[in-house]
Amino acid sequence: MREGRIFNIQRFSTSDGPGIRTTVFLKGCPLNCAWCHNPEGLSSGFDLVINRDKCIDCGACVAVCPSGQRNACLLCGACVEACPSEARQIMGRAVRAEELMAEIREDRVFFDESGGGVTFSGGEPLSQPEFLVDMLRLCRQAGIHTALDTSGYAPWAVLEEAVKLLDLVLFDIKHLDDHCHETLTGVSNSLILSNLRRLTESATRVWLRMPVIPGCNDDEKNIRGTARLCRDLGIGEIYLLPYHATGTYKYGRLGIDNGLPEIKEPSDDQMNDLATVFCSLGIRAIIGG
């Protein structure tokens, strides 16, 4: 079994598929969405996270650093051990498939009672395809329901192999216009839309989800176009996920710029108005989840 890199395991999740779920967040993502609320999952490697509110500027980190410089991190973890205020943390850990599966099995009773299971999220889980397939195979052998939370940006052969072992795909659609999509995420949407069409032509169960980012993808043209896409693909419902700013603090701790710091969270009225547009075109819109 292979080794993978993860940055979080969230237990008792009720928004990443049916029932009570354990969501495993894998490192690495080929997209760079301006609104990403999990920036610690963007890089495939480990990251040094610094909580400036806890830092007391004692200099202990510099004293033990092999490079002797704050901005030349080797990710050795020496500063984490030396920090008296616990202001520093290495984000991400390597784990073998069997080890992760042992952690997942601890939540089995909650899956069985609620009809839940495991959701693999990120980052982009398809950026670690071999490890993902190993985990899906282990879950299938254990009879545990699996879901994949994905942007859909991966070669079809990679997605197809994973789909054979999946029970559900949570597929994010971010923008229909290719130029806008590339501006906002760094990649074209042509592969994403192609993969979505292939999935709907197969027997795969798909939940289509759309993050609603005010000023980016909530204009009427894009909303109506997305509704028509659902109708053309035979998808009768879509989950509208309102943008939330709870992850913006992470950017500073990672030492990277927040792509869209000025975005405001959509109001309930705004979300209901968007849902009404979908409903007017025959698509049931579910807010949240």
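The values are calculated or read from the model by the stated rules, or taken from the named source; none is laboratory data. All values derive from a computational prediction rather than experimental measurement. Here Cβ is always computed from backbone atoms with ideal geometry, including for glycine, and neighbour counts include all displayed protein chains.
If you go through the range 175-188 and keep only what is under 24 Å from Ile286 (Cβ atoms) and touching a Leu at 6+ places or on another chain (Cβ under 7 Å), you end up with His175, Leu176, Thr185.
Whether any residue in the range 193-212 is surrounded by fewer than 13 Cβ atoms within 10 Å (Cβ to Cβ) and in contact (Cβ under 8 Å) with a residue 40 or more places away in the chain is what I want to check. Checked against the condition, which is being surrounded by fewer than 13 Cβ atoms within 10 Å (Cβ to Cβ) and in contact (Cβ under 8 Å) with a residue 40 or more places away in the chain, the range 193-212 yields no hits at all.
Within the range 31-38, can one find any residue that is within 26 Å of Gly152 (Cβ to Cβ), out of contact with any strand residue (DSSP E or B) (no Cβ under 8 Å at 6 or more places or on another chain), of a type in the set (Gly, Ala, Ser) and surrounded by 14 or more Cβ atoms within 10 Å (Cβ to Cβ)? Yes, that holds for at least one residue.
Set side by side, the residues Gly116, Gly152 differ, and just one is assigned by TED's automatic domain parsing to the domain that holds Arg231 and at positive phi, which is Gly152. For the range 255-288, a residue qualifies if it is under 17 Å from His244 (Cβ atoms) and assigned to a loop (DSSP other than H, G, I, E, B), and the qualifying residues are Asn258, Gly259, Leu260, Pro261, Glu262, Ile263, Lys264, Glu265, Pro266, Ser267, Gly288. The set of residues in the range 130-160 that are acidic (Asp, Glu), farther than 14 Å from Leu199 by Cβ and either in contact with a His (Cβ under 6 Å, 6 or more places away or on another chain) or surrounded by fewer than 20 Cβ atoms within 10 Å (Cβ to Cβ) (or both) contains only Glu130. Among the residues making up the range 230-276, a single one is surrounded by fewer than 16 Cβ atoms within 10 Å (Cβ to Cβ), farther than 24 Å from Asn38 by Cβ and among the β-branched types (Val, Ile, Thr): Thr276.
Just to be sure before I move on: is Leu31 hydrophobic (A, V, I, L, M, F, W, C), outside any strand (DSSP E or B) and modelled with pLDDT of 90 or more in the structure I sent? The answer is yes for Leu31.
Between Pro66, Pro18, Pro84, the distinction of being surrounded by 13 or more Cβ atoms within 10 Å (Cβ to Cβ) and either in the same structural domain as Leu191 (by TED's automatic domain parsing) or in a loop (DSSP other than H, G, I, E, B) (or both) belongs to Pro18 only.
Among the residues of this structure, Lys250 counts as one that is among the basic types (Lys, Arg) and in contact with a Pro (Cβ under 9 Å, 6 or more places away or on another chain). So which residues in the range 23-37 are over 23 Å from Asp218 (Cβ atoms) and either among the hydrophobic types (A, V, I, L, M, F, W, C) or not assigned by TED's automatic domain parsing to the domain that holds His244 (or both)? Residues satisfying the conditions are Val24, Phe25, Leu26.
Within the option set Lys174, Lys164, being farther than 22 Å from Leu138 by Cα and of a type in the set (D, E, K, R) holds for one residue only, Lys174. A search for C-beta distances below 6 Å between a residue of the range 80-95 that is within 25 Å of Leu132 (Cα to Cα) and any residue that is part of a loop (DSSP other than H, G, I, E, B) and of a type in the set (Asp, Glu), counting only pairs 6+ apart in sequence or on different chains, returns nothing. Residue count for the range 161-190 under the criterion of being touching a residue at least 12 places away in the same chain (Cβ under 8 Å) and either among the hydrophobic types (A, V, I, L, M, F, W, C) or touching a helix residue (DSSP H, G or I) at 6+ places or on another chain (Cβ under 8 Å) (or both): the result is 20.
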